[in-house]
Amino acid sequence: MGMVRSIWNGTITFGLIAVPIKVHSATEDTGVHFHQVHAKDGAQIKQKRICGKEGKEVPYKEVAKGYEVKGGEFVLLSKEEIDAAAGERSRLIELEEFVSALAIDPVFYARTYYLGAGEKGADAYRLLHDALAKSERAGIGRWVFHNREYLVAIRPLGGVLALHTMRFADELVGPDDVEVPSPSRKPTAAEIKMAGKLVDTLHAAFAPGDFSDAYRERVRELIRAKARGEDLPAPEVAPADDQPELMAALEASLAGR
Amino acid sequence: MARSLWTGSLSFGLVNVPVALISAIRDQDLHFTQIHEKDGAPIEVHRFCEKEDVEVPYEEITHGYECDDGTQVIVSDLELEAIEPRRTRTIDIEQFVDLADVDPIYFDHPYFLVPASDDDGATRAYRLLTEVMGQTDRAALGRFVMRAKEYLAIVRARDGVLALTTMLFADGVRPTKDVDAATQKSHKPTTKQLNAAVAVIEELTTDWEPERYQDEYRKRLRAVVNRKRKGETIKSPTAAETPSPAPDLMDALERTLAEMTGVGTSTKPTGVTKSKTSAKHKQEA
């Protein structure tokens, strides 16, 4: 089996069962990245750290992190001191509890990683995967990665185990925190029925491949054109939107199909 | 309520619902500034030309793209602006999908959409859309342009509010085929093993109550800042031991179950708090 590079190796435990795993990236940044260039001579731009007092360049080892406690007053911490907050340098993800995988709203998931079976861990990996799939559960644990501790959820995804780093509840705005003004009267049954029909006509199976990043493609095209010494034509201008009556708009939307 | 990041309309057939976009994320991270340790002065980042080693004013900076063959293509701000997506003020719903079919791996940044005006027509159209999507468990897929970038977004109803989440494109999600998921037949658990593992999972199952989980990292970082402020020394914690895989899976499963059911419910956790972690931190006054 072809192997992809792993970014972390360790062990998941649940009860007394240890599952050696490897962590792989599941997502990638597909954006087109530029570096800063000096227009005059095409040379790269280098960023220099300059001391605000001395006006001289500061070597990396002399840089501390300052946390502003009140206006202009900083508590200075070295990089090592900040790293001390990461927690134990543990190679362990303890699944101390399990929850219904469907109960977790996707807003809690931050980044996704894939897990592969680690050394001598194939049987245990398959057991955890199959047991999570059968019980429709996700395991919840903590993971120390890159000097930071994350809350993680582990669940089956596409035949492998996926690990999601999670957002904490206090980092999320909930629907209850959002004010939505109420209309003077509720939508009528006829409107709901009509809108439901419109939803039906626009219903499709989710096929992520149907959507591509058109902007990124245009940036790539621009780069190719520039590499050949050409220019690109200017884009078209968007038409203005107007707003017809709700029922009339629903009817007109359906009539056009 | 949070400041709106974008206003426009959610367009659905010929119906336009005027909406404002607000972030569903509250930044709780501690932010640090780079400081010169020696004199406590803040560090400024200046841009220098690598060739001339002189500081370069912002207006003289442009964008370089390095091609696979190592050559560099220069692209100006004007050229990038010319290909920016049309600045439409609409989120065009292209299709409705079953929410259950969209794996959370595609979800990126969460937002909410709120009616952009108290106008009765606007709030009624908003209510209509939340009710229809809520009743059918369907979500809308559409695109919109924000800050010169085009996003694919999924819009769904959450407790009467329209939740919008930007989405990853398909090529931003890696295939799983290169991951070693131990799919060979020899690794398949026996029915007995599988049932025992499910029993362990069920024993440890609890309700999903997100408020129970605290960001221990953030708390410790705040504690480190407070201790440093009082002049204390901070030392790094030591590494923990890693258990090795059990040679006999069935034995490990049986012992786990015996421990859980035999010694009452003492092994059932009340939350993944890891209080023992902070206790292990070596502290020096």
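Okay, here's what the table says:
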item: Any hit, the stretch A:138-153, residues being more than 8 Å from chain B (Cβ to nearest Cβ), on the phi > 0 side of the Ramachandran plot and in a loop (DSSP other than H, G, I, E, B); result: yes
item: Residues located in the stretch B:73-102, provided they are farther than 18 Å from B:Arg143 by Cα and surrounded by 14 or more Cβ atoms within 10 Å (Cβ to Cβ); result: B:Val73, B:Ile74, B:Val75, B:Glu79, B:Leu80, B:Ala82
item: Selection count where residues are more than 7 Å from chain A (Cβ to nearest Cβ), in a loop (DSSP other than H, G, I, E, B) and at pLDDT below 75, scope the stretch B:239-279; result: 11
item: Output for the stretch A:54-89, where each listed residue is part of a loop (DSSP other than H, G, I, E, B) and under 24 Å from the mean Cα position of the chain (by Cα); result: A:Gly87
item: Hits in the stretch B:193-205 (condition: within 7 Å of chain A (Cβ to nearest Cβ) and open to solvent by 30 Å² or more (accessible area, probe 1.4 Å)); result: B:Gln193, B:Leu194, B:Glu202
item: Yes/no for A:Arg111 being assigned to a strand (DSSP E or B), facing chain B (nearest Cβ under 7 Å) and open to solvent by 50 Å² or more (accessible area, probe 1.4 Å); result: no
item: Residue that is surrounded by the most Cβ atoms within 10 Å (Cβ to Cβ), among those in the stretch B:160-192 that are within 21 Å of the chain's Cα centre (by Cα) and farther than 25 Å from A:Thr30 by Cβ; result: B:Leu162
item: Subset of the stretch B:206-237 that is facing another protein chain (nearest Cβ under 7 Å) and modelled with pLDDT under 80 - its residue that is most open to solvent (accessible area, probe 1.4 Å); result: B:Lys235
item: Close pairs (6 angstrom Cβ cut-off, 6 or more residues apart or separate chains): within 30 Å of B:Asp92 (Cα to Cα) in the stretch B:17-35, assigned to a strand (DSSP E or B) and of a type in the set (Phe, Trp, Tyr) anywhere; result: B:Leu21/B:Trp6; B:Leu21/B:Tyr111; B:Ile22/B:Phe112; B:Ser23/B:Tyr111; B:Ala24/B:Tyr111; B:Ala24/B:Phe112
item: Count of the stretch B:40-71 residues which are of a type in the set (S, T, N, Q) and surrounded by 16 or more Cβ atoms within 10 Å (Cβ to Cβ); result: 1
item: Selection count where residues are within 7 Å of chain A (Cβ to nearest Cβ) and either hydrophobic (A, V, I, L, M, F, W, C) or open to solvent by less than 10 Å² (accessible area, probe 1.4 Å) (or both), scope the stretch B:130-157; result: 2
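The values are calculated or read from the model by the stated rules, or taken from the named source; none is laboratory data. In this text, all values refer to a predicted model and were calculated from it rather than measured experimentally. Because the Cβ atoms are built from the backbone with ideal geometry, glycine has one as well, and the counts that use them run over all protein chains shown. The area values use the complete protein model at the heavy-atom level, side chains included, leaving out ligands, DNA and RNA. Shrake-Rupley method; radii C 1.70, N 1.55, O 1.52, S 1.80 Å.
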